[in-house]
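Single-structure report; data block below.
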Amino acid sequence: NTSEGAPESLKYVATRATLNMQTGEAFRMMRQYLKARPRDIDAWEEMADLAAYAGERKFMAVAGKQLFLLSNEAGAPRSRAITVSTLALDLRQAELAADDQLVRLPDNVLTQYQSHRAYIWAGKHRKARQLLTRIRKSKLPLANRLLSELRQACAGRNVTDARSIYARINKEGDISARWQAAQIVGDQKRATALLAPLDTPDEMRRLVQYMVYPTFDMRQYPALAQTLAANGTRMTPPTPVPEACPAI
């Protein structure tokens, strides 16, 4: 018999394991918790990240679908449902979630931004372009607006525009925006160098967060790779950014 507090203790153990970089253990504990509490939407949010950290991207796709279904049922659609399915490379689901949420929340800027990336990655350039007009006029941070512009330019092979936008992001953006931009334009050397200072015991919890991106190359960060391998996390090869520019 399971005591009433047992599922909650699994969630606590999962969180503690994550903090200790025991990503595989955290994933297993959270999966057990969700078997007992399958409608805990916040736990599904956490599971989306844990699945990526543990190299379980197929289960990240499961989390994306659950976030979509549960947030819609609650009458409060979450843009994370689009994000998670996109980063899980479940691009059909990402497109469906984007289509649905843009009807339900047409003026939500996060929904617009995440939908635009989902459309670009799914190869739906026209849908993305129609959305870009709204993103340009939105109150999203400048770096996010520029990332959308960069994705559209690269998808359309507008290399001249892409170079100009990339230069602006390198001036205006934070480390995450600059890293994403470097990957979009195929500047892998710069992308790796931007995150290299985080490959230390003190900063590793920040670095591991980039594992949500399927394009993140763990092999470039030996301290992270060694720590996760010691904890039983398998190394998954990175996926090139969909619809990226040729290296510029």
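The values are calculated or read from the model by the stated rules, or taken from the named source; none is laboratory data. All figures in this text were calculated on a predicted structure; none of them were measured in a lab. Counting neighbours? That spans all protein chains shown, and the Cβs are built from the backbone with ideal geometry, glycine included. These accessible areas exclude ligands, DNA and RNA; they are computed on the full protein's heavy atoms, side chains included. Shrake-Rupley method; radii C 1.70, N 1.55, O 1.52, S 1.80 Å.
Just to be sure I understand, how many residues within the stretch 226-240 are surrounded by fewer than 17 Cβ atoms within 10 Å (Cβ to Cβ) and not in a loop (DSSP other than H, G, I, E, B)?
The total comes to 3.
Go through PRO201, PRO197 for me and flag whichever is modelled with pLDDT under 95 and over 19 Å from ILE248 (Cα atoms).
On the way: PRO197 fails: modelled with pLDDT under 95.
Among PRO201, PRO197, only PRO201 is modelled with pLDDT under 95 and over 19 Å from ILE248 (Cα atoms).
Which fully enclosed helices (runs of 4 or more DSSP H) of the stretch 156-225 have 2 or more residues being touching a residue at least 12 places away in the same chain (Cβ under 8 Å) and more than 29 Å from ARG129 (Cα to Cα)? Give the steps one after another, and end with the answer.
Values: elements: 159-172, 175-184, 188-195, 204-208.
Of the helices (runs of 4 or more DSSP H) lying wholly inside the stretch 156-225, those with at least 2 residues that are touching a residue at least 12 places away in the same chain (Cβ under 8 Å) and more than 29 Å from ARG129 (Cα to Cα) span 188-195, 204-208.
What number goes with the only condition from (1) closer than 30 Å to GLY232 by Cα; (2) out of contact with any helix residue (DSSP H, G or I) (no Cβ under 6 Å at 6 or more places or on another chain); (3) among the acidic types (Asp, Glu) that ASP90 does not pass?
(2)
Right, LEU198: more than 27 Å from GLU46 (Cβ to Cβ) and open to solvent by less than 50 Å² (accessible area, probe 1.4 Å) or not?
On the way: more than 27 Å from GLU46 (Cβ to Cβ): no; open to solvent by less than 50 Å² (accessible area, probe 1.4 Å): yes.
Answer is no for this residue.
Can you name the residue in the stretch 111-145 that is more than 20 Å from the chain's Cα centre (by Cα), assigned to a helix (DSSP H, G or I) and of a type in the set (D, E, K, R) and is also surrounded by the most Cβ atoms within 10 Å (Cβ to Cβ) among such residues?
LYS127
Of all residues being β-branched (Val, Ile, Thr) and buried (at least 24 other Cβ atoms within 10 Å of the Cβ) in the stretch 84-110, which is nearest to ILE41 (Cα to Cα)? Just the residue, please.
From the stretch 84-110, those β-branched (Val, Ile, Thr) are 84, 86, 103, 109; that's our starting set.
Subset that is buried (at least 24 other Cβ atoms within 10 Å of the Cβ): 84, 86.
Working: VAL84: 13, THR86: 18 Å.
Out of the qualifying residues, it is VAL84.
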